[in-house]
Every structure is written in C-alpha cells, then in structure tokens.
Amino acid sequence: MQTTFTDTQMRDPAIQRSNEILRSCVHCGFCTATCPTYQVLGDELDSPRGRIYLIKDMLENDRDPDAKTVKHIDRCLSCLACMTTCPSGVHYMHLVDHAREYIDQRYKRPFTDRALRWMLARILPYPMRFRVALLGAKIGRPFARFMPDVRLRAMLEMAPKVIPPVSRNDDPQSFAAVGPKRKRVALMTGCAQKALNTDINDATIRLLTRRGAEVVVAEGAGCCGALTHHMGKTDESHASAAKNIRAWCREMDGEGLDAIVINTSGCGTTVKDYGHMFRNDPLAADAARVSAIARDVSEVLMDLEQDTPAHGTASVIPEGMVVAYHAACSLQHGQQIKTFPKDLLKKAGFTVVEPADSHLCCGSAGTYNLMQPEISGQLKARKLRTLEAKNPDVIAAGNIGCMMQIGSAASVPVVHTVELLDWASGGPKPAAFRDVNRRDPAIPRLR
C-alpha cells in the first residue's frame with residue numbers, strides 16, 4: 001500500500017511504525033475470511049482491510065477522527081485472526097493500537113461513552129474495586145432488564161452468582177518447588193481474574209511447584225495494562241505496565257527468574273509486547289528483558305513436562321472424559337500458541353475435541369462484551385453452538401474473559417486448562433463441576 005506521510009509526520013515514532021505496517025498491506029482481502037465482525041456484519045469497513053483504509057486516511061491527513069471511523073475501529077475485537085491469516089505479515093495489532101490511542105487523544109465521545117470507559121478503566125484493573133462492583137452488580141442484576149443502555153445491562157449480567165473469597169496465594173510471597181528445583185518463575189496474578197476466579201492462580205501454583213518450579217509472586221506487580229491499552233489510554237496502561245516491569249526486574253536482578261508465567265492469555269499477549277510499547281521509553285531495556293522471558297503457562301508446562309512422566313490416571317479422571325478446547329484468540333493469534341494446551345490435556349488423559357471454526361472469537365475480547373454487547377452476543381451464540389455440538393463433558397480455555405463469556409450460557413462446566421491439569425496430577429476436582437447438572441444460562445459458579 002502506498003503512503004504519503006510528510007517528513008514532519010515521520011518524525012513521530014508511532015507514525016513511523018504505522019507507516020511500515022500500512023506499506024506491507026497488499027489489499028489481498030484474505031483477512032476478511034477470518035474476521036468475526038465482517039462475518040457478522042458483512043460491512044467492508046468492519047473488516048481489517050476496511051479499517052486499515054480508515055486508519056490510513058485518518059493518520060495521513062492528520063485529521064480529527066469522525067464518528068464513522070470511531071464506530072468501525074471500536075467494533076474491532078483485536079482478536080488478531082487477521083494477523084494469522086495475512087500472507088504479507090501485516091502487524092495489524094500495532095496499527096489498531098496506534099489508532100485507538102489517536103482516537104482517545106483527539107475524539108470527544110458522547111458523555112455516556114466517556115462515563116462507561118472511565119468507569120471500566122478505574123474498576124476492572126483493581127481487584128478490590130472490582131469485587132465491590134461485582135457485589136453491586138449482583139444486587140442490581142434482577143433489575144437489569146430495566147436499564148435503558150444495553151451496555152449497562154451487560155455489565156449487570158456479567159456478575160457471577162458467587163463471588164469467590166480473596167485468595168491469600170495472590171499475596172507477594174514465594175512457593176517452594178516440590179522436590180528438586182528446576183526453575184524459578186514469577187507468576188503474574190493479574191487483576192480481574194483475582195476477583196472472578198481465584199481457583200486459576202491456586203491451580204497454577206500447585207501445578208508448577210509439583211513439577212519442580214519455585215513460584216514467586218513479586219511485590220508490586222499487578223494489572224498488565226491491557227484493558228486500558230486497548231481503550232487507547234496509553235498513559236494509564238504504561239503506568240500499570242511500568243510497575244510490573246520494575247517488580248519483575250527486581251526479581252531478575254535478585255535471585256533470578258527463568259520465566260514470567262502468565263495464565264491469562266490476553267495479558268500474556270500484552271506483556272510479550274512490552275518491548276515494543278516501551279521502545280522509546282527510559283524503561284526500554286528492562287521492558288525488553290521482561291518480554292523476552294514472558295511465557296504462557298502452557299509453554300512453561302511443556303518445558304517442564306519434557307522429562308516428566310504423564311500424570312493423568314484412570315482413578316482420578318473419569319475414563320473417556322471429553323474436553324472441548326476453546327482456543328482463546330490472544331493465545332492462538334496473539335501468541336501463536338496452538339498445540340501446547342491440547343498436548344498437555346491429552347498427555348494428562350483427557351480426550352480433546354475442537355469446535356468447527358476454532359479460529360473465530362467468542363466475543364469476549366477484554367471489555368468488548370461490555371461495550372459492544374450485541375455483536376458479542378452473536379459471536380458467543382455461534383461459539384457455543386460449535387462447542388456444544390461436540391457433546392463435551394467440560395469446556396477448557398486459557399483466558400478468564402473467554403471462560404466468563406462462554407460460561408454465561410454453557411450447559412457444561414467451563415474451566416481453565418490448568419484446573420484440569422492440576423486435577424489430573426493430584427489437585428482438587430475443579431469447583432465448576434459442582435454445577436455439572438445445571439442447564440440454565442447463568443454464569444457458572446467457579447468457587
């Protein structure tokens with residue numbers, strides 16, 4: 001694609017990067033075949049290629065974003081399926097992130113939009129605030145149908161029936177390896193996940209220590225910054241990310257780290273991109289160090305499993321238990337990790353099946369299901385049809401957002417992959433199985 005940025009514009013590092021990305025696009029349209037919003041809406045401007053044209057026009061002309069451009073950019077899930085499909089290697093993620101930052105700086109949204117985004121940015125990344133908000137939403141949930149804004153209804157309906165108690169395992173501390181220590185890793189405990197489902201981190205710690213890893217929860221680490229980053233709120237997202245970088249570098253420079261383990265794939269995609277996000281920042285070198293050792297939990301487990309015998313036994317796992325594996329977009333497209341979780345589940349003794357069109361998004365996408373509930377609902381319905389067509393006993397995923405999205409209407413338990421792996425190797429049976437007989441559309445009780 002030909003671009004016409006001026007020399008003055010090209011002095012901006014963000015414009016330089018976007019120019020590189022735009023020039024790599026050859027208009028082929030392969031991306032439209034795997035774009036969820038294009039499949040649902042059928043509008044060229046709701047495809048990656050259409051959005052690229054809109055972003056190019058906006059940036060080249062240095063113009064304030066208009067409502068039309070903002071609407072179509074907002075509708076993007078950032079599922080990154082287009083990046084997996086693109087034969088030219090167009091790095092759409094960095095381009096749309098730049099567009100969102102540009103929009104946040106130069107477009108005044110309607111008051112309700114500004115208020116909702118302000119609220120989400122100041123609640124979701126903070127576990128205790130989020131817990132209080134979930135309690136309020138739980139109380140208000142019976143009145144959701146009276147809410148005039150569908151987004152407010154979606155926020156109320158998001159609240160789980162049971163809010164788990166705080167897990168003290170998420171506090172800064174160290175967990176010793178069981179047996180000979182093979183690795184020392186830092187676990188990113190996250191933010192929203194600590195309020196919605198504390199079982200995931202607990203299972204991860206048990207699983208890693210059982211396989212010989214010392215697990216450290218670093219003092220000062222918290223939200224990865226993804227939620228605000230995808231809203232275009234760069235200052236806020238970088239502030240969160242900088243805390244993590246400093247916290248993990250202290251551990252790296254102290255007793256050392258072999259990996260930073262992340263069990264929420266949306267966070268993992270962002271942390272692995274810290275090196276790019278901070279490339280022009282004084283923290284650039286440390287950010288690059290962090291990105292270099294950031295790993296999804298499945299990557300670390302595969303490494304530890306190489307010389308470890310299989311842990312699944314017939315006495316622990318019901319024979320023939322069928323697991324429908326949902327591949328989170330941030331894992332399969334953002335991090336290009338496609339086989340590790342399935343390989344681990346199979347080795348543990350589970351029968352793993354995949355739905356049709358497994359490359360398509362479930363519609364969660366961070367705060368997308370709250371900000372774009374109609375489109376998100378259509379994608380959720382399609383994903384559930386394909387998953388349940390496999391008649392699974394349980395659905396497994398590697399991202400809390402996907403779990404909440406799919407679990408809000410699934411007829412079988414929805415659990416994190418590590419919960420099943422932990423169960424197969426001596427841990428407790430996932431708590432979601434307590435609701436194995438329910439068939440209502442409520443969000444699964446995870447605690």
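The values are calculated or read from the model by the stated rules, or taken from the named source; none is laboratory data. All of these numbers come straight from a predicted model, not from anything done at the bench. Every residue, glycine as well, gets a Cβ built from its backbone with ideal geometry; the counts of neighbours run over all protein chains shown. Just so you know, the surface numbers come from the protein's heavy atoms only, side chains and all, with ligands and any DNA or RNA stripped out. Shrake-Rupley method; radii C 1.70, N 1.55, O 1.52, S 1.80 Å.
Values computed for the structure shown
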| item | result |
| --- | --- |
| Residue count for the range 369-391, restricted to those that are open to solvent by 20 Å² or more (accessible area, probe 1.4 Å) and β-branched (Val, Ile, Thr) | 1 |
| Test set (1) closer than 21 Å to Val217 by Cβ; (2) assigned to a helix (DSSP H, G or I); (3) in contact with a helix residue (DSSP H, G or I) (Cβ under 6 Å, 6 or more places away or on another chain) - Leu257 fails condition number | (2) |
| Out of Arg109, Arg117, Arg141, sole residue that is without any contact (Cβ under 8 Å) to a residue 60 or more places away in the chain, out of contact with any strand residue (DSSP E or B) (no Cβ under 9 Å at 6 or more places or on another chain), of a type in the set (D, E, K, R) and part of a helix (DSSP H, G or I) | Arg141 |
| Residue match in the range 42-58 (condition: at pLDDT 95 or above, open to solvent by less than 10 Å² (accessible area, probe 1.4 Å) and over 26 Å from His333 (Cα atoms)) | yes |
| Residue in the range 26-40 that is in a helix (DSSP H, G or I), at pLDDT below 95, on the phi < 0 side of the Ramachandran plot and over 24 Å from the mean Cα position of the chain (by Cα) present | yes |
| Of all residues in the range 173-199 being open to solvent by less than 20 Å² (accessible area, probe 1.4 Å) and among the β-branched types (Val, Ile, Thr), the one that is modelled with the highest pLDDT | Val185 |
| Condition check for Arg246: in contact with a Gly (Cβ under 9 Å, 6 or more places away or on another chain) and part of a strand (DSSP E or B) | no |
| Residues of the range 252-309 that turn out to be surrounded by 15 or more Cβ atoms within 10 Å (Cβ to Cβ), under 20 Å from Thr189 (Cα atoms) and small (Gly, Ala, Ser), as a count | 8 |
| Filter result for the condition that a residue is in contact with a Ser or Thr (Cβ under 8 Å, 6 or more places away or on another chain), in a helix (DSSP H, G or I) and farther than 20 Å from Gly256 by Cβ, over Leu156, Leu207, Leu135 | Leu207 |
| Any chance Arg63 is in a loop (DSSP other than H, G, I, E, B) and of a type in the set (D, E, K, R) | yes |
| Odd one out for Gly427 among (1) open to solvent by less than 30 Å² (accessible area, probe 1.4 Å); (2) touching a Ser or Thr at 6+ places or on another chain (Cβ under 6 Å); (3) not in a helix (DSSP H, G or I) | (2) |
| Leu227 being within 19 Å of Arg129 (Cα to Cα) and open to solvent by 20 Å² or more (accessible area, probe 1.4 Å) | yes |
| Single residue of Glu101, Glu157 found to be in contact (Cβ under 8 Å) with a residue 60 or more places away in the chain, open to solvent by 70 Å² or more (accessible area, probe 1.4 Å) and touching a helix residue (DSSP H, G or I) at 6+ places or on another chain (Cβ under 6 Å) | Glu157 |
| Residue match in the range 230-242 (condition: modelled with pLDDT of 95 or more, farther than 23 Å from Ser78 by Cβ and surrounded by 19 or more Cβ atoms within 10 Å (Cβ to Cβ)) | no |
| Selection status of Val394, modelled with pLDDT of 95 or more, open to solvent by less than 20 Å² (accessible area, probe 1.4 Å) and of a type in the set (A, V, I, L, M) | yes |
| Positions within the range 269-283 being over 17 Å from Met93 (Cβ atoms) and either assigned to a helix (DSSP H, G or I) or touching a helix residue (DSSP H, G or I) at 6+ places or on another chain (Cβ under 8 Å) (or both), in sequence order | Asn280, Asp281, Leu283 |
| Qualifying strands (runs of 3 or more DSSP E) (wholly inside the range 284-388; at least 1 residues being of a type in the set (Lys, Arg)) | 294-296 |
